[in-house]
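Structure, as C-alpha coordinates:
The values are calculated or read from the model by the stated rules, or taken from the named source; none is laboratory data. Quantities reported herein were computed from a predicted structural model and do not represent experimental measurements. Cβ: placed from backbone, ideal geometry, glycine included. Neighbour counts: every protein chain shown. Just so you know, the surface numbers come from the protein's heavy atoms only, side chains and all, with ligands and any DNA or RNA stripped out. Shrake-Rupley method; radii C 1.70, N 1.55, O 1.52, S 1.80 Å.
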Amino acid sequence: MTATITSIAHYLPPDVYDNSYFESYLDTSNEWILERTGIHQRRFAKSGATSDLIVPAAEQCIAKRGISKDEIDCIIVATVTPDHFFPSTAAVVQNKLGLKNAWGFDLSAACSGFVFALTTAAGLVESGVCRNVLLCGADKMSSIVNFQDRNQAILFGDGAGVCLIEKSNDSSMGMLDHILRLDGSGGQFLHMVAGGSFKPASAETVANGEHYIYQDGKNVFKYAVVGMAEVTVEIMKRNNMKSEDVNWLVPHQANHRIITATAERMGISREQVMINIDKYGNTTAATIPICLSEWLEKGLLKKGHNVILASFGAGFTWGAVYLKWNMND
Ligand code: COA
(Lines give C-alpha, C1' and ligand atoms only; values in the text may rest on other atoms or scores of the structure.)
Protein backbone atom coordinates (compact mmCIF):
# COMPACT_ATOMS: atom_id res chain seq x y z
CA MET A 1 0.00 0.00 0.00
CA THR A 2 1.24 3.48 -0.81
CA ALA A 3 0.22 6.97 0.24
CA THR A 4 -0.61 9.65 -2.27
CA ILE A 5 -1.43 13.33 -2.65
CA THR A 6 -5.18 13.60 -3.29
CA SER A 7 -5.56 17.39 -3.35
CA ILE A 8 -3.26 20.40 -3.37
CA ALA A 9 -3.58 24.19 -3.24
CA HIS A 10 -1.40 27.18 -2.47
CA TYR A 11 -1.62 30.73 -1.23
CA LEU A 12 0.65 33.69 -1.84
CA PRO A 13 0.14 37.06 -0.19
CA PRO A 14 -0.97 39.68 -2.76
CA ASP A 15 1.77 42.27 -2.27
CA VAL A 16 4.50 41.92 -4.93
CA TYR A 17 8.01 43.26 -4.33
CA ASP A 18 10.17 43.63 -7.45
CA ASN A 19 13.95 43.85 -7.26
CA SER A 20 13.58 47.62 -7.60
CA TYR A 21 12.24 47.62 -4.03
CA PHE A 22 15.72 46.64 -2.78
CA GLU A 23 17.49 48.94 -5.25
CA SER A 24 15.69 51.80 -3.53
CA TYR A 25 17.58 51.37 -0.22
CA LEU A 26 20.33 48.69 -0.53
CA ASP A 27 23.58 48.64 -2.50
CA THR A 28 22.26 46.14 -5.04
CA SER A 29 20.84 46.00 -8.54
CA ASN A 30 18.16 44.20 -10.49
CA GLU A 31 20.90 42.82 -12.80
CA TRP A 32 22.93 41.35 -9.89
CA ILE A 33 19.88 39.71 -8.28
CA LEU A 34 18.62 38.25 -11.56
CA GLU A 35 22.00 36.96 -12.65
CA ARG A 36 23.07 35.45 -9.30
CA THR A 37 19.71 34.10 -8.10
CA GLY A 38 17.16 34.12 -10.94
CA ILE A 39 14.72 36.02 -8.71
CA HIS A 40 12.67 38.81 -10.25
CA GLN A 41 10.05 39.35 -7.56
CA ARG A 42 8.65 37.86 -4.35
CA ARG A 43 5.60 38.28 -2.10
CA PHE A 44 5.66 39.60 1.45
CA ALA A 45 2.67 39.48 3.78
CA LYS A 46 2.09 42.91 5.27
CA SER A 47 0.38 41.46 8.33
CA GLY A 48 -0.62 38.17 9.89
CA ALA A 49 1.36 35.04 10.71
CA THR A 50 2.32 31.79 8.98
CA SER A 51 -1.05 30.25 9.92
CA ASP A 52 -2.73 33.07 7.95
CA LEU A 53 -0.87 31.92 4.84
CA ILE A 54 -1.90 28.31 5.48
CA VAL A 55 -5.62 28.82 6.15
CA PRO A 56 -6.71 30.03 2.66
CA ALA A 57 -4.64 27.31 0.96
CA ALA A 58 -6.02 24.65 3.31
CA GLU A 59 -9.63 25.78 2.80
CA GLN A 60 -9.15 25.49 -0.95
CA CYS A 61 -7.36 22.14 -0.69
CA ILE A 62 -10.11 20.58 1.43
CA ALA A 63 -12.88 22.04 -0.77
CA LYS A 64 -11.23 20.65 -3.93
CA ARG A 65 -11.14 17.17 -2.38
CA GLY A 66 -14.78 17.47 -1.40
CA ILE A 67 -14.44 15.85 2.02
CA SER A 68 -15.77 17.07 5.33
CA LYS A 69 -13.34 18.82 7.67
CA ASP A 70 -14.29 16.21 10.27
CA GLU A 71 -12.55 13.54 8.18
CA ILE A 72 -9.11 15.07 8.62
CA ASP A 73 -7.32 13.32 11.44
CA CYS A 74 -3.84 14.86 11.41
CA ILE A 75 -2.22 18.21 10.58
CA ILE A 76 1.51 18.55 9.95
CA VAL A 77 2.97 22.02 9.50
CA ALA A 78 6.49 22.17 8.08
CA THR A 79 7.87 25.60 8.90
CA VAL A 80 10.78 27.53 10.40
CA THR A 81 8.55 30.52 11.05
CA PRO A 82 5.90 29.13 13.40
CA ASP A 83 3.33 31.59 14.77
CA HIS A 84 4.77 30.91 18.26
CA PHE A 85 7.32 28.60 19.88
CA PHE A 86 4.26 27.02 21.42
CA PRO A 87 1.52 26.11 20.89
CA SER A 88 2.37 24.58 17.54
CA THR A 89 1.20 26.23 14.32
CA ALA A 90 -0.66 22.96 13.70
CA ALA A 91 -2.73 23.77 16.80
CA VAL A 92 -3.43 27.30 15.54
CA VAL A 93 -4.45 25.92 12.13
CA GLN A 94 -6.65 23.25 13.77
CA ASN A 95 -8.51 25.95 15.65
CA LYS A 96 -8.80 28.43 12.76
CA LEU A 97 -10.11 25.75 10.37
CA GLY A 98 -12.27 23.95 12.95
CA LEU A 99 -10.74 20.52 12.29
CA LYS A 100 -12.29 19.01 15.37
CA ASN A 101 -11.05 15.42 14.90
CA ALA A 102 -7.43 16.26 14.07
CA TRP A 103 -4.26 15.98 16.13
CA GLY A 104 -1.00 17.31 14.75
CA PHE A 105 2.40 18.85 15.14
CA ASP A 106 5.01 21.11 13.55
CA LEU A 107 8.07 19.77 11.78
CA SER A 108 11.28 21.77 11.58
CA ALA A 109 13.51 20.89 8.64
CA ALA A 110 13.83 24.31 6.98
CA CYS A 111 13.84 24.14 3.18
CA SER A 112 13.49 20.33 3.33
CA GLY A 113 10.42 20.68 5.54
CA PHE A 114 7.93 19.66 2.88
CA VAL A 115 9.91 16.62 1.75
CA PHE A 116 10.50 15.45 5.35
CA ALA A 117 6.84 16.06 6.28
CA LEU A 118 5.55 14.32 3.16
CA THR A 119 7.56 11.22 4.06
CA THR A 120 6.28 11.41 7.65
CA ALA A 121 2.67 11.84 6.51
CA ALA A 122 3.01 8.92 4.08
CA GLY A 123 4.32 6.73 6.91
CA LEU A 124 1.34 7.66 9.10
CA VAL A 125 -1.09 6.79 6.30
CA GLU A 126 0.67 3.60 5.18
CA SER A 127 0.84 2.29 8.77
CA GLY A 128 -2.87 2.93 9.28
CA VAL A 129 -2.31 5.50 12.06
CA CYS A 130 -4.08 8.16 9.94
CA ARG A 131 -6.49 8.24 7.04
CA ASN A 132 -6.23 11.89 5.97
CA VAL A 133 -3.25 14.07 6.76
CA LEU A 134 -3.39 17.79 6.02
CA LEU A 135 0.20 18.56 5.11
CA CYS A 136 1.19 22.23 5.13
CA GLY A 137 4.50 23.68 3.94
CA ALA A 138 4.50 27.35 4.85
CA ASP A 139 6.84 30.14 5.81
CA LYS A 140 6.56 33.82 6.48
CA MET A 141 10.25 34.45 5.80
CA SER A 142 9.76 38.21 6.01
CA SER A 143 9.45 37.74 9.79
CA ILE A 144 13.08 36.53 10.13
CA VAL A 145 14.90 38.12 7.18
CA ASN A 146 17.31 40.98 7.88
CA PHE A 147 16.11 43.56 5.37
CA GLN A 148 19.30 45.57 5.88
CA ASP A 149 21.53 42.69 4.68
CA ARG A 150 21.76 42.52 0.88
CA ASN A 151 23.15 38.97 1.09
CA GLN A 152 19.82 37.62 2.35
CA ALA A 153 17.05 40.23 1.93
CA ILE A 154 16.71 39.59 -1.77
CA LEU A 155 16.46 35.80 -1.53
CA PHE A 156 13.29 35.03 0.38
CA GLY A 157 9.50 35.36 0.15
CA ASP A 158 6.32 34.34 1.97
CA GLY A 159 3.88 31.62 0.91
CA ALA A 160 2.10 28.37 1.68
CA GLY A 161 1.31 25.08 -0.05
CA VAL A 162 -1.14 22.58 1.43
CA CYS A 163 -1.99 19.06 0.36
CA LEU A 164 -3.96 16.06 1.58
CA ILE A 165 -2.23 12.72 1.96
CA GLU A 166 -4.35 9.59 1.80
CA LYS A 167 -4.11 5.91 0.93
CA SER A 168 -3.65 5.03 -2.74
CA ASN A 169 -5.82 2.19 -4.03
CA ASP A 170 -3.17 1.44 -6.65
CA SER A 171 0.16 0.64 -5.02
CA SER A 172 2.09 1.55 -8.18
CA MET A 173 0.97 5.17 -7.72
CA GLY A 174 1.78 7.88 -5.18
CA MET A 175 4.84 8.01 -2.91
CA LEU A 176 7.16 5.32 -4.23
CA ASP A 177 10.56 6.13 -2.72
CA HIS A 178 12.46 8.62 -0.59
CA ILE A 179 16.00 9.43 0.48
CA LEU A 180 16.34 11.81 3.42
CA ARG A 181 19.54 13.16 4.97
CA LEU A 182 20.49 15.18 8.04
CA ASP A 183 23.97 16.51 8.85
CA GLY A 184 24.08 18.82 11.86
CA SER A 185 27.67 19.84 11.19
CA GLY A 186 26.19 22.14 8.52
CA GLY A 187 24.25 24.13 11.12
CA GLN A 188 27.08 26.63 11.44
CA PHE A 189 26.44 27.91 7.90
CA LEU A 190 22.71 28.63 8.19
CA HIS A 191 20.91 29.27 11.45
CA MET A 192 19.28 31.75 13.77
CA VAL A 193 21.68 32.60 16.58
CA ALA A 194 19.32 33.76 19.31
CA GLY A 195 15.75 33.41 20.49
CA GLY A 196 15.97 29.73 21.41
CA SER A 197 17.09 28.09 24.66
CA PHE A 198 20.72 28.32 23.54
CA LYS A 199 20.59 32.11 23.65
CA PRO A 200 17.23 33.47 24.82
CA ALA A 201 16.03 36.74 23.33
CA SER A 202 17.23 39.86 25.12
CA ALA A 203 17.63 43.53 24.29
CA GLU A 204 21.25 42.70 23.42
CA THR A 205 20.44 39.85 21.00
CA VAL A 206 17.92 42.06 19.25
CA ALA A 207 20.39 44.95 19.06
CA ASN A 208 22.93 42.54 17.53
CA GLY A 209 20.44 41.31 14.93
CA GLU A 210 20.74 37.75 16.23
CA HIS A 211 17.02 37.09 15.74
CA TYR A 212 17.50 37.21 11.97
CA ILE A 213 18.79 34.54 9.59
CA TYR A 214 22.54 33.99 9.71
CA GLN A 215 23.75 32.63 6.38
CA ASP A 216 27.12 31.87 4.83
CA GLY A 217 25.68 31.90 1.30
CA LYS A 218 28.77 30.61 -0.48
CA ASN A 219 29.05 27.49 1.68
CA VAL A 220 25.31 26.81 1.61
CA PHE A 221 25.45 27.08 -2.18
CA LYS A 222 28.33 24.60 -2.42
CA TYR A 223 26.74 21.98 -0.16
CA ALA A 224 23.32 22.43 -1.78
CA VAL A 225 24.65 21.68 -5.26
CA VAL A 226 26.47 18.54 -4.08
CA GLY A 227 23.64 17.35 -1.77
CA MET A 228 20.78 17.74 -4.22
CA ALA A 229 22.70 16.03 -6.99
CA GLU A 230 23.65 13.13 -4.69
CA VAL A 231 20.08 12.25 -3.69
CA THR A 232 18.41 12.88 -7.04
CA VAL A 233 20.92 10.78 -8.97
CA GLU A 234 20.65 8.00 -6.37
CA ILE A 235 16.85 7.92 -6.40
CA MET A 236 16.86 7.72 -10.20
CA LYS A 237 19.40 4.91 -10.13
CA ARG A 238 17.62 2.73 -7.61
CA ASN A 239 14.30 3.15 -9.42
CA ASN A 240 15.91 2.33 -12.78
CA MET A 241 15.00 5.73 -14.19
CA LYS A 242 16.80 7.32 -17.08
CA SER A 243 16.70 11.06 -17.61
CA GLU A 244 13.96 10.70 -20.25
CA ASP A 245 11.75 8.84 -17.72
CA VAL A 246 11.56 11.89 -15.45
CA ASN A 247 8.55 14.02 -16.32
CA TRP A 248 9.24 16.62 -13.65
CA LEU A 249 12.03 17.55 -11.31
CA VAL A 250 10.53 19.73 -8.58
CA PRO A 251 13.53 21.30 -6.88
CA HIS A 252 13.45 23.51 -3.83
CA GLN A 253 13.61 27.06 -5.18
CA ALA A 254 16.64 28.65 -3.47
CA ASN A 255 18.76 29.83 -6.36
CA HIS A 256 18.31 29.34 -10.10
CA ARG A 257 21.95 28.27 -10.39
CA ILE A 258 21.49 25.48 -7.78
CA ILE A 259 18.42 24.25 -9.71
CA THR A 260 20.30 24.25 -13.02
CA ALA A 261 23.28 22.42 -11.53
CA THR A 262 20.97 19.71 -10.11
CA ALA A 263 19.18 19.24 -13.43
CA GLU A 264 22.52 19.00 -15.24
CA ARG A 265 23.79 16.27 -12.90
CA MET A 266 20.54 14.34 -13.53
CA GLY A 267 20.96 14.80 -17.27
CA ILE A 268 17.53 16.38 -17.69
CA SER A 269 16.51 19.42 -19.70
CA ARG A 270 15.05 22.76 -18.61
CA GLU A 271 11.65 21.65 -19.94
CA GLN A 272 11.53 18.87 -17.32
CA VAL A 273 12.06 21.23 -14.36
CA MET A 274 9.47 23.22 -12.42
CA ILE A 275 10.88 26.69 -11.81
CA ASN A 276 9.00 29.64 -10.33
CA ILE A 277 11.76 31.20 -8.23
CA ASP A 278 11.60 34.22 -10.55
CA LYS A 279 8.13 35.07 -9.21
CA TYR A 280 8.27 34.06 -5.56
CA GLY A 281 11.90 33.74 -4.37
CA ASN A 282 12.66 31.18 -1.68
CA THR A 283 9.54 30.50 0.40
CA THR A 284 11.40 27.75 2.34
CA ALA A 285 8.97 24.89 3.20
CA ALA A 286 6.44 26.18 0.66
CA THR A 287 8.46 26.14 -2.57
CA ILE A 288 7.79 22.54 -3.61
CA PRO A 289 4.03 22.37 -2.91
CA ILE A 290 3.54 25.78 -4.58
CA CYS A 291 5.25 24.43 -7.72
CA LEU A 292 3.15 21.24 -7.71
CA SER A 293 -0.06 23.21 -7.20
CA GLU A 294 0.74 25.74 -9.95
CA TRP A 295 1.78 23.12 -12.51
CA LEU A 296 -1.37 21.11 -11.77
CA GLU A 297 -3.50 24.23 -12.24
CA LYS A 298 -1.76 24.92 -15.55
CA GLY A 299 -2.59 21.37 -16.70
CA LEU A 300 1.09 20.48 -17.10
CA LEU A 301 1.28 17.95 -14.26
CA LYS A 302 -0.71 14.86 -15.17
CA LYS A 303 -1.70 11.53 -13.70
CA GLY A 304 1.02 8.94 -14.25
CA HIS A 305 3.87 11.45 -14.44
CA ASN A 306 7.16 10.50 -12.79
CA VAL A 307 7.97 13.33 -10.39
CA ILE A 308 11.15 13.78 -8.36
CA LEU A 309 11.08 16.27 -5.51
CA ALA A 310 14.46 17.50 -4.29
CA SER A 311 15.38 19.79 -1.43
CA PHE A 312 18.27 21.21 0.54
CA GLY A 313 18.14 23.41 3.61
CA ALA A 314 19.35 24.42 7.04
CA GLY A 315 20.50 21.63 9.29
CA PHE A 316 21.81 20.63 6.83
CA THR A 317 18.73 18.75 5.68
CA TRP A 318 18.30 17.37 2.21
CA GLY A 319 16.38 14.72 0.36
CA ALA A 320 14.57 13.43 -2.67
CA VAL A 321 11.14 11.83 -3.08
CA TYR A 322 9.91 9.83 -6.07
CA LEU A 323 6.19 10.23 -6.75
CA LYS A 324 4.07 8.69 -9.46
CA TRP A 325 1.56 11.54 -9.75
CA ASN A 326 -1.90 10.21 -9.01
CA MET A 327 -4.47 12.94 -9.64
CA ASN A 328 -5.84 15.30 -12.27
CA ASP A 329 -6.99 18.76 -11.23
N1 COA B 1 23.60 42.80 -4.50
C2 COA B 1 24.85 43.09 -4.91
N3 COA B 1 25.94 42.46 -4.46
C4 COA B 1 25.76 41.49 -3.56
C5 COA B 1 24.48 41.11 -3.09
C6 COA B 1 23.37 41.82 -3.59
N7 COA B 1 22.12 41.55 -3.21
N8 COA B 1 24.61 40.10 -2.21
C9 COA B 1 25.93 39.84 -2.12
N10 COA B 1 26.62 40.66 -2.93
C11 COA B 1 28.04 40.76 -3.14
C12 COA B 1 28.84 40.18 -2.00
O13 COA B 1 28.92 41.13 -0.95
C14 COA B 1 30.17 39.94 -2.66
O15 COA B 1 30.88 41.14 -2.71
P16 COA B 1 32.44 41.19 -2.34
O17 COA B 1 33.10 40.29 -3.36
O18 COA B 1 32.76 42.62 -2.48
O19 COA B 1 32.50 40.65 -0.96
C20 COA B 1 29.78 39.55 -4.08
O21 COA B 1 28.43 40.00 -4.26
C22 COA B 1 29.84 38.09 -4.36
O23 COA B 1 29.28 37.43 -3.27
P24 COA B 1 29.10 35.87 -3.24
O25 COA B 1 28.66 35.46 -1.89
O26 COA B 1 30.29 35.23 -3.84
O27 COA B 1 27.90 35.73 -4.27
P28 COA B 1 27.28 34.41 -4.78
O29 COA B 1 27.43 34.31 -6.23
O30 COA B 1 27.67 33.23 -3.95
O31 COA B 1 25.73 34.68 -4.48
C32 COA B 1 24.05 34.06 -2.89
C33 COA B 1 25.28 34.91 -3.16
C34 COA B 1 23.59 34.28 -1.45
C35 COA B 1 22.96 34.48 -3.85
C36 COA B 1 24.40 32.56 -3.13
O37 COA B 1 25.58 32.25 -2.46
C38 COA B 1 23.32 31.63 -2.70
O39 COA B 1 22.26 31.58 -3.29
N40 COA B 1 23.59 30.78 -1.71
C41 COA B 1 22.65 29.82 -1.24
C42 COA B 1 21.67 30.47 -0.33
C43 COA B 1 20.51 29.61 -0.01
O44 COA B 1 20.11 28.80 -0.80
N45 COA B 1 19.92 29.78 1.17
C46 COA B 1 18.71 29.17 1.58
C47 COA B 1 18.86 27.81 2.11
S48 COA B 1 18.51 26.58 0.96
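Things worth noting here:
- HN-Hα J in Hz across region 122-138 - Karplus 6.51, -1.76, 1.60, θ = phi - 60°, x for Gly and Pro: 4, x, 5, 6, 5, 7, x, 5, 10, 9, 10, 10, 8, 9, 10, x, 8
- Cβ-based net charge around V93, under 15 Å, with every Lys or Arg adding one and every Asp or Glu removing one: -2
- Restricting the calculation to alpha carbons of the chain gives Rg and Dmax of 18.7, 57 angstrom.
- The listed residues K199, K324 rank as K199, K324 when sorted by accessible area, largest first, using a 1.4 Å probe.
- Accessible area of region 174-324 belonging to carbon and sulfur atoms, whole % at 1.4 Å probe: 53
- For region 134-234, a crude dipole built from +1 on the beta carbon of Lys and Arg and -1 on the beta carbon of Asp and Glu, taken about the Cα centre, is about 240 debye to the nearest 20.
- Computed from phi, the 3J(HN,Hα) profile of region 57-66 under the Karplus parametrisation 6.51, -1.76, 1.60 (θ = phi - 60°) reads 5, 5, 4, 5, 4, 5, 4, 4, 6, x Hz, with x in place of Gly and Pro.
- Average Cα contact separation per residue, region 3-167, under 8 Å, 6 or more apart, as relative contact order %: 34
- Only Lys, Arg (+1) and Asp, Glu (-1) charged, at Cβ; the chain dipole about Cα centre in debye: 480
- In straight-distance terms, cross-link reach from K303 covers every one of the lysines whose alpha-carbon lies under 30 Å from its own, apart from those fewer than eight places away in the same chain; here that gives K64, K69, K167, K237, K242, K279, K324.
- Taken as Cα centroids, region 282-329 and region 176-251 sit 16 Å apart, rounded to the nearest whole angstrom.
- Carbon + sulfur, % of accessible area of region 3-167 - ligands and nucleic acids excluded, 1.4 Å: 50
- A Cβ-based charge dipole, computed about the Cα centre of region 3-167 with Lys and Arg at +1 and Asp and Glu at -1, lands at about 440 debye.
- The residue list I33, A63, F86 was ranked by how far each Cα lies along the charge dipole of the chain toward its positive end, using unit charges on Cβ atoms, and A63 comes out on top.
- Theoretical ellipticity at 222 nm over the chain - DSSP helices of four or more residues, -39500 (n - 2.57) apiece, nearest 500: -9500 deg cm²/dmol
- Residues of the chain: accessible area per residue with a 1.4 Å probe, Å²: 41
- Most positive-pole-ward Cα, L182, S172, T260, against dipole of region 171-329 from beta carbon charges: S172
- With the charge dipole of the chain set up from +1 on Lys and Arg Cβ and -1 on Asp and Glu Cβ about the Cα centre, the Cα lying farthest toward the positive end among the listed residues A109, Y17, I213 is that of A109.
- Loop-located trypsin sites (Lys or Arg not before Pro) in region 229-290, at most 12 other Cβ atoms within 10 Å (DSSP): K242
- Local electrostatic count, G159, Cβ distance below 13 Å [Lys/Arg +1, Asp/Glu -1]: -1
- Taking amide H atoms as placed 1.01 Å from N in the peptide plane, the amide H of G104 lies under 5 Å from those of I75, each 5 or more residues away in sequence or on another chain.
- Within the chain, the longest run free of exposed loop sites, counting chymotrypsin sites (Phe, Trp or Tyr not before Pro) that sit outside DSSP helix and strand states (H, G, I, E, B) and have at most 16 other Cβ atoms within 10 Å, spans 199-329.
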